[in-house]
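First comes the structure, then the notes that go with it.
The values are calculated or read from the model by the stated rules, or taken from the named source; none is laboratory data. Note that the structure is a prediction, hence the values are computed from the model and not measured. Glycine gets a Cβ as well: all are built from the backbone with ideal geometry, and neighbour counts include every protein chain shown. SASA here: full protein model, heavy atoms, side chains in, ligands and nucleic acids out. Shrake-Rupley method; radii C 1.70, N 1.55, O 1.52, S 1.80 Å.
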Amino acid sequence: MDVKKNGDVSFWYADIGGVPGYRPPLPGDIEVDVCIVGAGFTGLWTAYYLKEAEPGLSIAVVEKEFAGFGASGRNGGWCSGEFGWSREKYLSSGTREGIIEWERQLRSTVAEVRRVTEKEGIDCDYLLTDCLTFAQSPAQMERLREGYEEAMAWEVPTSRLELIDGSEAATRIRVDKAQGALVRHDVARVQPAKLVRGLAEAVERRGVAIYERTAVTGIAKGRVSTDRGTVKAKRIVRATEGFTHGIPGNERQWIPMNSAIIVTEPVPDDLWREIGWQGSQLLADASHAYCYAQRTREGRIAMGGRGVPYRFGSKTDVRGQTQPETIQALKDILYRMLPQTRGLKLDHAWCGVLGVPRDWCATAGLDPRTGIGWAGGYVGLGVSTSNFSGQTLADLVLDKHTERTSLPWVNRRPRKWEVEPFRWLGVHGMYWLYHKADRNEASTGGRATSRLATLANALTGR
């Protein structure tokens, strides 16, 4: 296997000196105003905004591993403020105007994350930049054009999105066979482990207790049961995203979808010039089995994609270790997009899980009967969306009726996933069709979108 390190949570932790030590576990039975399950972005942002609104609240965060162990410390580092779900599906729980307003507020999270990191002194390599999604065939370019036109129809401002042709795209990054690109302005690159660890320290300074090595065994009205004791609380927030299936009663709520990333050795300056990636733009492609990438602070390429999308029975990885075939697949994507990089060595590979609802649409909410709130189902857009979740959940926990709490994603409840083996067959069938669609398009010169991709979406309701 052509990679120096596989797993050990993620490269982002190696970048800051290794996996952190643990905070003390829950010392026994306690009682607080608010208990938050999960010390990732969603839970920590919720704690942050609760303390900002009501400094006197007592808040306990319980975490099975350590703060930032899950997707919050393993993702691709895109803080995009992007609306990545079906707008039409949200019409069942809201209005067109509400969806447009929600999308506008999501875009504001990019600046909000910057505000908090500057206020709290969190050095997370935050850099405001653009995101370029490249088309490498006419069919991919047509899909980008359709996406752009849809966004314009939903009143996304032209200052946010720009569609450029192949010659213009080549001046940004020299992606092979580029037909053009969709450019999203005002997005940010971050080092996610730095951000989540800095956020954990920020909420601790405000008096939030974070208990690590504390596994939750049950959530009920007014009570969170753990292997270390019981937490009584009037309000409880389930902030477990891709690990939600592990809490009894939530096994089919959101499935843990796998995503993996490889990181190259530092790229020499002359190779950067050859690639033309002189800025720190975020990079993606318009294939059905899409990828995502960033140029890191110290000049590496981090390239991610789905790999093996789902493990039978909602099983998750062991501390980030991924499969050799996934590593090879990501190398192939890197070489397909940037053939100039052939010969670069890989320093690190890892994987993690993200939460996927049955309708592929994010939700946040709170049940007033039980006092239990939740947020997640980000489908890969968690860095920015979790910030908005924290703001929304803080309002809901404090019984505030605000513009945020009336948005279409609040208290939306999609149906549950099927039992096994049907969900495994469905998800793997979907991605088999996506990969087959990409191969078919490549073999025919990419003149038209394969109908297999449409079948894949219909199969799983994506």
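Here are Asp347, Asp269: which of them is over 25 Å from Gln136 (Cα atoms), open to solvent by 10 Å² or more (accessible area, probe 1.4 Å) and touching an Asp or Glu at 6+ places or on another chain (Cβ under 6 Å)?
Just one listed residue meets the conditions, Asp347.
What are the pairs, 6+ residues apart or on separate chains, where a residue within region 85-99 that is of a type in the set (Lys, Arg) and at pLDDT 95 or above has its Cβ under 8 Å from a residue that is surrounded by 13 or more Cβ atoms within 10 Å (Cβ to Cβ) and part of a helix (DSSP H, G or I)?
Pairs found: Arg87/Ile99; Arg87/Glu103.
Filter region 434-449 for residues that are free of Cβ contacts under 8 Å to residues at least 60 places away in the same chain and assigned to a loop (DSSP other than H, G, I, E, B) and give the result.
Narrowing region 434-449 to residues free of Cβ contacts under 8 Å to residues at least 60 places away in the same chain: 436, 439-440, 443-444.
If the condition is that a residue be free of Cβ contacts under 8 Å to residues at least 60 places away in the same chain and assigned to a loop (DSSP other than H, G, I, E, B), then Thr444 is the only one that fits.
Can you name the strands (runs of 3 or more DSSP E) wholly within region 192-259 that have at least 1 residues being basic (Lys, Arg) and within 25 Å of the chain's Cα centre (by Cα)?
Once the strands (runs of 3 or more DSSP E) in region 192-259 are filtered for at least 1 residues that are basic (Lys, Arg) and within 25 Å of the chain's Cα centre (by Cα), what remains is 229-238.
Examine region 95-109 for a residue that is open to solvent by less than 40 Å² (accessible area, probe 1.4 Å) and under 15 Å from Glu204 (Cα atoms), and state whether such a residue exists.
Within region 95-109 (the criterion being open to solvent by less than 40 Å² (accessible area, probe 1.4 Å) and under 15 Å from Glu204 (Cα atoms)), the answer is no, since none of the residues qualifies.
Taking region 121-168 on its own, how many of its residues are open to solvent by 60 Å² or more (accessible area, probe 1.4 Å) and in contact with a Ser or Thr (Cβ under 9 Å, 6 or more places away or on another chain)?
Number satisfying all stated conditions: 3.
Please go through region 74-102 and give me each residue that is over 20 Å from Leu144 (Cα atoms), touching a Ser or Thr at 6+ places or on another chain (Cβ under 6 Å) and not basic (Lys, Arg), ordered by number.
If the condition is that a residue be over 20 Å from Leu144 (Cα atoms), touching a Ser or Thr at 6+ places or on another chain (Cβ under 6 Å) and not basic (Lys, Arg), then Cys79 is the only one that fits.
Please list, ordered by first then second residue, the pairs with beta carbon atoms under 8 Å, 6 or more apart or interchain, first in region 1-23 and farther than 15 Å from Val318 by Cβ, second exposed (fewer than 15 other Cβ atoms within 10 Å of the Cβ) and not basic (Lys, Arg).
Met1/Pro324; Asp15/Glu298
Under 7 Å by Cβ, and 6 or more places apart or on different chains, what pairs join a residue from region 419-433 that is in contact (Cβ under 8 Å) with a residue 24 or more places away in the chain and surrounded by 14 or more Cβ atoms within 10 Å (Cβ to Cβ) with one that is of a type in the set (A, V, I, L, M, F, W, C) and not in a helix (DSSP H, G or I)?
Pairs that qualify, where the first residue is in contact (Cβ under 8 Å) with a residue 24 or more places away in the chain and surrounded by 14 or more Cβ atoms within 10 Å (Cβ to Cβ) and the partner is of a type in the set (A, V, I, L, M, F, W, C) and not in a helix (DSSP H, G or I), are Arg423/Ile255; Arg423/Trp417; Tyr431/Ala289.
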